[in-house]
Ligand SMILES: Cc1ncc(COP(=O)(O)O)c(C=O)c1O
């Protein structure tokens, strides 16, 4: 799909303390982050002008950086303010927010203790995609070639750029075969998550979702668990073997970008989006828009 390149757009990007023209938000080629993946980021959504669960995202950004061994030189309040300032400068009501923190170009090499820590926030327009009827058909997922690494192998609780290397490879391979995304197993062989979203299954009216012990416990995942419980739906967090997917009726993925997206197919397994999935899609849509409306009304 053709789109305007991300380095050639109008507007403003917040970078290291102030807004600057979009096309001037550049870094040097010898930035440590580019060579050694010393970079963490967030993905947030703006609904009706309000960033959904902003503080949770900001806290995760700060925590992700700490796990990678660096402190972002701004407080959570300052980061929240930077995100809001960028949304306001861009003037979008429904958008995506990308805060990113990285080691700069003061040192080159594995050791980079004295690099400056940079922070930027970019916001671009991103309406909720698919109309609900279209979305209810479900997306098709291939099985990924790579597995989520063990906690002893990688800093898996950090939303670190480096951990997305295997996601991009897996997603590209799936797309090359006509699938929308790929389902990754974890290092033990249990079902883990899609390349940018968590997964839920339904059986006998109960939801089953993998225990997030080696991948992100998504903010959307936690939100959807609360929404399900509010509807009286039991949610079971546990290790799920791939062959168990044969026993589940419904499946959906959750994430800031994906929101609640039904899944019709994962590898050899088939699912039929049904009532619980539709209910949670509706509840999630209502919640994110209500959150925006109430804050906007304050
Ligand atoms: C690998 C991965 N898992 C899960 C998620 C879902 O997280 P969240 O709901 O906080 O967006 C994301 C998106 O950030 C992700 O990239």
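Some notes on this structure:
- Total residues in segment 192-229, condition touching a residue at least 12 places away in the same chain (Cβ under 8 Å), more than 13 Å from the ligand (Cβ to nearest atom) and farther than 13 Å from residue 277 by Cα: 2
- Segment 157-178 - residue that is touching a residue at least 60 places away in the same chain (Cβ under 8 Å) and buried (at least 16 other Cβ atoms within 10 Å of the Cβ) and, of those, nearest to the ligand (Cβ to nearest atom): 159
- Strands (runs of 3 or more DSSP E) contained in segment 225-278 and holding at least 3 residues surrounded by fewer than 19 Cβ atoms within 10 Å (Cβ to Cβ): 235-238
- Residues satisfying the stated conditions in segment 107-122, i.e. farther than 18 Å from residue 63 by Cα and either surrounded by 14 or more Cβ atoms within 10 Å (Cβ to Cβ) or touching a strand residue (DSSP E or B) at 6+ places or on another chain (Cβ under 8 Å) (or both): 107, 112, 115, 122
- In segment 192-202, residue surrounded by the most Cβ atoms within 10 Å (Cβ to Cβ) [restricted to those that are assigned to a strand (DSSP E or B) and touching a helix residue (DSSP H, G or I) at 6+ places or on another chain (Cβ under 6 Å)]: 198
- Failed criterion for residue 217 (all others in (1) touching a strand residue (DSSP E or B) at 6+ places or on another chain (Cβ under 7 Å); (2) assigned to a loop (DSSP other than H, G, I, E, B); (3) closer than 24 Å to residue 58 by Cα hold): (1)
- Residue check, residue 293 surrounded by fewer than 21 Cβ atoms within 10 Å (Cβ to Cβ), over 29 Å from residue 150 (Cβ atoms), more than 15 Å from the ligand (Cβ to nearest atom) and modelled with pLDDT of 95 or more: no
- Segment 236-261: number of residues that are within 16 Å of the ligand (Cβ to nearest atom) and touching a helix residue (DSSP H, G or I) at 6+ places or on another chain (Cβ under 7 Å): 7
- Total residues in segment 54-70 satisfying the condition of being under 26 Å from residue 287 (Cα atoms) and in contact with a strand residue (DSSP E or B) (Cβ under 8 Å, 6 or more places away or on another chain): the figure is 4.
The values are calculated or read from the model by the stated rules, or taken from the named source; none is laboratory data. Computed from a predicted structure; not experimentally measured. Methodologically, a virtual Cβ is constructed for each residue, glycine included, from the backbone with ideal geometry; neighbour enumeration extends over all protein chains shown.
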